[in-house]
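Visitor: The structure that follows is given in the form of structure tokens.
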Amino acid sequence: MRSHYSSQVTHELEDEIVILCGWVHEKRDLGNLKFLVLRDREGFIQITAKKGVTGDDILEDINSLSKESVIQVKGKVKLNNKAPNGLEINPSNLKVINESNSPLPLDVTQKVDSDMDTRLNNRFMDLRKPGVSSIFRLRSAIINRSREYLKGEGFIEMCSPKIIASASEGGTDLFPISYFDKEAFLAQSPQLYKQMLMGSGLDRVFETTTYFRAEEHDTRRHLNEVSAIDLEMAFIESEEDIMQMLERLVVEMIKTASSCKKELETLEWEIKVPQLPLKRFTYDECLNLLAKEGKEIPWGEDIDTEGEKLLGKLLQEKQGIELYFITKYPLKSKPFYTMPDGEKYSRSFDLCFKGVEVSSGGQRIHSHNHLVKRIEQHNLEPENFEYYLKCFQYGMPPHGGFGLGVDRMMMQLLDLPIKEVVMFPRDRHRLTP
Ligand code: AMO
């Protein structure tokens, strides 16, 4: 049925007959002259009908058509300086494929703003706005590029179970589910599974994955269902190998985003590509920088949201740095699998983008006995991790990895709240659509 997208109708097609399918975006009636703007996935095209030239049935249809109805138009391409893109279609046939109800739940032409809840409640229609769909085209482009990039680096894509029996990142943030007669949870992360694969010979794996987090946050940067790129690689010297893989991947993603010219034009936004290598600041250096600004964080505690924001602002304003690592976190703030660096520190890092953590990772413990000790020190039961611990008794190479939040990357790339960049976000209050 479809023959052309609006973007394919160019000046070279002058006087040719084309067929277009799409939605009625706008209508204008000047008596003898009727305009209809048809919108499809690629953009807009003007349909111009004239009394005495266009068939009466088409003129009547244009009169009675409701906005957002789905139509098919057949007609001749005519150049017209006054029309958008300098051309229009003179219709010889108009088929109403499916009429829309009215009034509409949202204004797709973006002349009237709607609040976020109304937009999310009617996301199918919100996504018809070119400014909104551009976000998701860009998102798809960076995810595709990540896959390509990682495959080029020798990684294979894995798929870990999302129904699990025990926690990997600590027990409090799990969603319990009923699994026949057993207790089970939605997976917080593929952490234990990707590590197990390091002992399988598949020593470079990644997953484009979902994290389920039962965190009670209600912020601009937290969701309860998160998209991420999760990766693990073996035979590393230290966490530095992981940071190098992550910084190259993230810069590839940003480069790809910056090359989405049409989307960025629609969003009226520009993206700067950072230079490699990214700057590394230790946790202790960050605490000192913050203390100088009057923000005291007791050693060992996480840098809170306010601290993260302040640090991001400082580095951006004083050093022009948007993307940076924070390294050498205190061991006590990190999960049991994290490789210690001496007594107090760990071989872990966060990657921050304009004051928001977008990724965290590090080197892991690969010695079985050491791992059991750390599980116990976290007041967890080694018996609950038997299936995982077993892999460490039969030849586990040194390894590490990271989890990179795609939603967080997108929000920082476009400077938007997290719910804007997720099609159907899940937060404490939202379970539909
Ligand atoms: P972590 O828990 O830090 O690490 O998660 C990794 C990244 O996922 C994103 N993220 C979130 N984004 C939005 N809302 C949330 N509630 C949320 N939680 C996490 C962030 C974060 O940096 N297993 C480790 C990774 C590893 O060491 O390989 C982990 O899950 O961008």
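The values are calculated or read from the model by the stated rules, or taken from the named source; none is laboratory data. If you're wondering where the values come from, they're calculated on a predicted model, not measured in any experiment. Note: ideal-geometry Cβ built from the backbone for every residue, glycine included; neighbour counts use all protein chains shown. Quick note on the areas: whole protein, heavy atoms, side chains included, nothing else; ligands and nucleic acids left out. Shrake-Rupley method; radii C 1.70, N 1.55, O 1.52, S 1.80 Å.
Visitor: Around Val356, with a cut-off of 15 angstrom between Cβ atoms, what is the net charge of the other residues, counting Lys and Arg +1 and Asp and Glu -1?
Guide: Details: positive: Arg220, Arg221, Lys309, Lys313, Lys354, Arg408, Lys419; negative: Asp302, Asp304, Glu306, Glu308, Glu322, Asp350, Glu357, Asp407, Asp415, Glu420.
Neighbourhood net charge equals -3.
Visitor: Would you please name the trypsin sites (Lys or Arg not before Pro) within region 1-92 that are DSSP coil residues with at most 10 other C-beta atoms within 10 Å of their C-beta?
Guide: Numbers: sites: Arg2, Lys27, Arg28, Lys34, Arg39, Arg41, Lys50, Lys51, Lys67, Lys74, Lys76, Lys78, Lys82; in loops: Arg2, Arg41, Lys67, Lys82.
Taking region 1-92 and a limit of 10 other Cβ atoms within 10 Å, the loop trypsin sites (Lys or Arg not before Pro) found are Arg2, Lys82.
Visitor: Leu33: net charge of surrounding residues, Cβ under 10 Å, Lys/Arg +1, Asp/Glu -1, itself excluded?
Guide: On the way: positive: Arg28, Lys34, Lys50, Lys51; negative: Asp29.
Local charge sum for Leu33: +3.
Visitor: Compute the Rg to Rh ratio over the chain from the alpha carbon atoms, using the Kirkwood formula for Rh, and round to two decimal places. Please list the in-between numbers first.
Guide: On the way: Rg = 26.8 Å, Rh = 24.8 Å.
Over the Cα atoms of the chain, Rg/Rh equals 1.08.
Visitor: Ignoring ligands, DNA and RNA, what percent of the 1.4 Å accessible area of the chain is carbon and sulfur?
Guide: Looking at the chain in its full context, I get 48 percent from C and S.
Visitor: Over the heavy atoms of Asp203, what accessible area does a 1.4 Å probe trace out, to the nearest 10 Å²?
Guide: 50 Å²
Visitor: Also: Restricting attention to region 295-332, which chymotrypsin sites (Phe, Trp or Tyr not before Pro) occupy a DSSP loop and are surrounded by at most 11 other Cβ atoms within 10 Å?
Guide: On the way: sites: Trp299, Tyr324, Phe325; in loops: Trp299.
Taking region 295-332 and a limit of 11 other Cβ atoms within 10 Å, the loop chymotrypsin sites (Phe, Trp or Tyr not before Pro) found are Trp299.
Visitor: Given only helices, namely DSSP H runs of n ≥ 4 each adding -39500 (n - 2.57), what is the per-residue ellipticity at 222 nm of the chain, to the nearest 500 deg cm²/dmol? Present the calculation step by step, with values, prior to reporting the outcome.
Guide: Details: 12 runs with 125 residues, N = 433.
It lands at -8500 deg cm²/dmol.
Visitor: Round to a whole angstrom and tell me the spacing of the C-alpha centers of region 226-276 and region 1-53.
Guide: 39 Å
Visitor: Also: Quick check on my link table: of Lys82/Lys354; Lys313/Lys373; Lys182/Lys334, which ones sit more than 31 Å apart, alpha carbon to alpha carbon?
Guide: Too far apart for the 31 Å limit: Lys82/Lys354; Lys313/Lys373.
Visitor: With θ set to phi - 60°, apply the Karplus curve 6.51 cos²θ - 1.76 cosθ + 1.60 along region 199-208 and write out the HN-Hα couplings as whole Hz, x wherever there is a Gly or Pro.
Guide: x, 9, x, 7, 8, 9, 10, 8, 8, 8
Visitor: I would also like to ask the following. In region 261-342, which trypsin sites (Lys or Arg not before Pro) fall in coil by DSSP and have 15 or fewer other Cβ atoms within 10 Å?
Guide: Working: sites: Lys261, Lys262, Lys272, Lys279, Arg280, Lys292, Lys295, Lys309, Lys313, Lys318, Lys328, Lys332; in loops: Lys272, Lys295, Lys328.
The qualifying sites are Lys272.
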